[in-house]
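The values are calculated or read from the model by the stated rules, or taken from the named source; none is laboratory data. If you're wondering where the values come from, they're calculated on a predicted model, not measured in any experiment. Please note: Cβ atoms are built from the backbone with ideal geometry, for glycine as well, and neighbour counts cover all protein chains shown.
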Amino acid sequence: MKNDTQYKGKITEQKCMLKCIENGYFVSKPLFDDARYDFILDTGKDLLRIQVKTSSWNEDHTAFHFNGYSQHCTSNGNKRMKYTNKEVDYFMTEKDGKFYLYPADENGFISRCLRVVAVQNQKQINFAEDYEFERICRNF
């Protein structure tokens, strides 16, 4: 494989698109790779821009995280560009056969952590179950 990260990303993207199709949604891909989103999810009412991100478990498998930015090599080094809700409506990721949709926000973010197990004394917790694909799709 030329770029293992890129290969994993393409697999995650295909899984996410298939999940949408299996749930009765139409999916459209941009013709070129210069769009800030990976595909359009047609809910029948809205067209949603979906950015797919591969997620990783933390050490004890109590949470997983995904990045909210793209990274490009420039002559001055690597450049990170956060995704905002002006470019993307939702991030979509898959972890162990479950799919998640996380809304983009106005300012973007570097990384998001979704918890599957609560941790004591943690102020703000984003529980993974709150972002499960089926739960979020009920609002479409």
Is it the case that some residue within region 119-137 is more than 26 Å from residue 11 (Cβ to Cβ), of a type in the set (A, V, I, L, M) and outside any helix (DSSP H, G or I)? yes
When residues of region 65-111 are filtered for being of a type in the set (A, V, I, L, M, F, W, C) and either in contact with an Asp or Glu (Cβ under 8 Å, 6 or more places away or on another chain) or closer than 24 Å to residue 42 by Cβ (or both), how many remain? 7
Residue within region 125-138 that is touching a Phe, Trp or Tyr at 6+ places or on another chain (Cβ under 6 Å), among the small types (Gly, Ala, Ser) and in contact (Cβ under 8 Å) with a residue 40 or more places away in the chain present: no
Based on what the data block shows, is residue 59 exposed (fewer than 14 other Cβ atoms within 10 Å of the Cβ) and not β-branched (Val, Ile, Thr)? yes
Of those in region 87-102 that are in contact (Cβ under 8 Å) with a residue 12 or more places away in the chain and out of contact with any Phe, Trp or Tyr (no Cβ under 6 Å at 6 or more places or on another chain), the residue nearest to residue 20 (Cα to Cα) is 92
Which pairs have Cβ atoms under 7 Å, sit 6 or more apart or on different chains, and link a residue in region 14-42 that is more than 22 Å from residue 135 (Cα to Cα) to one that is modelled with pLDDT under 95 and surrounded by fewer than 12 Cβ atoms within 10 Å (Cβ to Cβ)? none
Going by the structure shown, is residue 89 within 28 Å of residue 24 (Cβ to Cβ), in contact with a Gly (Cβ under 9 Å, 6 or more places away or on another chain) and among the acidic types (Asp, Glu)? no
